[in-house]
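The values are calculated or read from the model by the stated rules, or taken from the named source; none is laboratory data. Please read all numbers here as calculations on a predicted model, not as lab measurements. Here the Cβ is made from the backbone with ideal geometry for all residues, glycine too, and neighbour counts use every protein chain on show.
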Amino acid sequence: MSQPPPDLPASPGRWFTWSELSQSGAAARLGLDNSIPEAEAWNLAALCAHLLDPLRALVGPIRITSGYRSPRVNEAIGGSKTSDHMRGWAVDLKAHRLSAMGVAQEVKAAGLLFDQLIVYHPSRGGHVHLGGGPRMRGQILYAPEGGGYRRLRL
């Protein structure tokens, strides 16, 4: 989705575009459609307003490594069957000037509300999964080198 439907804003956030929130290397490689449906686009706009734009203001440039995923794209990459990426409630990201742990510490210190924050070990991508769905559990996890997840205290 490079252009939003007419009733959506021209961009989902101050520093983010629809294109970067829907780009997918896997979709391009496999010829899969990863267009963002309207309901999920509104969720992404809310995610930008409440989490991504405030985080960008704190830490500087952010690169979205995975945003919206259509169910077919999510399945193709082995994503969770209940992934909030498919609802427009989650992104994976890297900050240009901070490690994944540094981003997590900034999110926590700023008091930003989130559903799930996962810090991935560098061998598993070294990124942060940040979800802001309706549950807002404030769950913080670490994805260590050997696989799996464990609770993380910041």
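L32 falls short on exactly one of the conditions (1) aliphatic (A, V, I, L, M); (2) under 13 Å from the mean Cα position of the chain (by Cα); (3) not in a helix (DSSP H, G or I), and that condition is (2).
Taking residues in the range 13-34 that are closer than 13 Å to R72 by Cα, and partners anywhere that are at pLDDT 95 or above and assigned to a loop (DSSP other than H, G, I, E, B), the pairs with Cβ atoms closer than 7 Å and at least 6 places apart or on different chains are S24/R69; L32/S70; D33/S70; N34/Y68; N34/R69; N34/S70. Exactly one residue out of Q105, Q116 is surrounded by fewer than 20 Cβ atoms within 10 Å (Cβ to Cβ), in contact with a strand residue (DSSP E or B) (Cβ under 7 Å, 6 or more places away or on another chain) and within 22 Å of R137 (Cα to Cα), and it is Q116. Does E38 satisfy the condition of being over 20 Å from A10 (Cα atoms), among the acidic types (D, E) and surrounded by fewer than 18 Cβ atoms within 10 Å (Cβ to Cβ)? Against the criterion (over 20 Å from A10 (Cα atoms), among the acidic types (D, E) and surrounded by fewer than 18 Cβ atoms within 10 Å (Cβ to Cβ)), E38 does not qualify. Screening the range 69-92 for residues that are within 16 Å of D115 (Cβ to Cβ) and touching a residue at least 40 places away in the same chain (Cβ under 8 Å) and picking the one that is surrounded by the fewest Cβ atoms within 10 Å (Cβ to Cβ) gives R87. Against the conditions (1) farther than 14 Å from H85 by Cβ; (2) of a type in the set (A, V, I, L, M); (3) over 16 Å from the mean Cα position of the chain (by Cα), where does A27 fall short? Just the number, please. Here A27 clears every test but (1).
For L51, the stated conditions hold: it is assigned to a helix (DSSP H, G or I), within 22 Å of P134 (Cβ to Cβ) and of a type outside the set (D, E). Within the range 120-139, one or more residues are within 23 Å of R14 (Cβ to Cβ), at pLDDT below 95 and among the hydrophobic types (A, V, I, L, M, F, W, C). With the structure loaded, tell me whether A90 is touching an Asp or Glu at 6+ places or on another chain (Cβ under 6 Å) and among the small types (G, A, S) or whether it fails that test. In short, yes.
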